[in-house]
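Below is one structure, written out as C-alpha cells, with a few remarks after it.
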Ligand SMILES: C[S@@+](CC[C@H](N)C(=O)[O-])C[C@H]1O[C@@H](n2cnc3c(N)ncnc32)[C@H](O)[C@@H]1O
C-alpha cells in the first residue's frame, strides 16, 4: 500500500485484502458509533429495508456475509429465522458482533472469506451484505458466491454506498466525505487513514447500473435497485 497525497493505493488484490482486514480489525471498537454518526442514524432504516427485501420465510436460514459487527444479522431476527450465519474475515469485527448479538441464539458468527465461502450450494433462503462490495477485491466472484449458497427462488440483497451522478450533489458529498468524515474518523475512531480510505472507495466504486449488470451476469433474475439518501446509497436485490 502506498499513501500519497492522502490517496490510498494498492499494488495487488492481496495487498488490498490485507489492508481492508487490518483496517476493520483496528476500527472495530468504534465502527458502530461511526456508522450512526456518519449516516445520522439512517443506516438503521436502510438495514431494515434490506432485510424486508430478503423476504426471509419464518424458520428460514439467512447468511449475512461480510457481516462486520452483525447489524443486518440482528435486524433479521424479527423474521424469526431458525438460523442466521454472520460471516466476516475480520476477527475483531465478529468478536464484537458475537458480544452484541449474545441474546440471539439463532445467530452464529464465523470467520470466513466471502470470496470462498465455506458453505454448500443452495443452503440459505437469502443472503444479504452491507457496505462490503467496495471493500472486496473481486466483486463478480463475491456475487457469484452469494448466488451459489442461496436456494433457487431465494433472494440476494446488497446494500452499498454508490457514486453520485449529479455534479452539484457530488461536490456537496465530496466535501462531507473527503473532509468531514476523515476528521470525525480521526477524533472519534482515532484512525484518520481508515476514514480517508472509506470515502475514496466510494469514488472508485462502480455505479448502481453496473452493479445491477454484474448481478445479472451472475445469473440472478429480476434484479432491481433503488437509491436512498439523496442517491448516495443503493439497495440492489435479485433472485436465484
Ligand atoms: C464497511 S464493513 C460492513 C460491515 C457490516 N456488513 C455492516 O453493514 O455494517 C465491511 C466489512 O466487510 C468485510 N470484508 C471485506 N472483504 C471481505 C471478504 N472478502 N470476506 C469477508 N469479509 C470481508 C470487512 O472485514 C468488514 O467487516
If you go through the stretch 29-40 one residue at a time, how many are over 17 Å from residue 186 (Cβ atoms) and surrounded by 19 or more Cβ atoms within 10 Å (Cβ to Cβ)?
-> 0
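I want to confirm something. Restricting to the stretch 189-213 and keeping residues that are in a helix (DSSP H, G or I) and touching a helix residue (DSSP H, G or I) at 6+ places or on another chain (Cβ under 6 Å), which single residue is farthest from the ligand (Cβ to nearest atom)? Before the answer, list the steps.
Here is the first cut: in the stretch 189-213, the residues in a helix (DSSP H, G or I) are 189, 194-203, 208-213.
So of that shortlist, the ones also touching a helix residue (DSSP H, G or I) at 6+ places or on another chain (Cβ under 6 Å) come out as 189, 194-196, 199, 201.
Values: 189: 12, 194: 10, 195: 11, 196: 14, 199: 12, 201: 9 Å.
Only one residue fits best here, namely 196.
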Tell me, please, whether a residue that is surrounded by fewer than 23 Cβ atoms within 10 Å (Cβ to Cβ) and near the ligand (Cβ under 9 Å from one of its atoms) can be found in the stretch 118-127.
-> no
Which residue pairs have Cβ atoms closer than 7 Å, lie 6 or more positions apart in sequence or on different chains, and pair a first residue in the stretch 3-16 that is modelled with pLDDT of 80 or more with a second residue that is part of a helix (DSSP H, G or I)?
-> 10/16; 10/19
Right, residue 222: loosely packed, with under 14 Cβ neighbours inside 10 Å and within 26 Å of residue 75 (Cβ to Cβ) or not?
-> yes
When every residue in the stretch 148-159 that is crowded, with 20+ Cβ neighbours inside 10 Å and more than 9 Å from the ligand (Cβ to nearest atom) is compared, the one farthest from residue 13 (Cα to Cα) is 154
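The values are calculated or read from the model by the stated rules, or taken from the named source; none is laboratory data. On a predicted model such as this, the values are computed, not experimentally measured, just so you know. Positions of Cβ are generated from backbone atoms using ideal geometry, with glycine treated the same way; all protein chains shown enter the neighbour counts.
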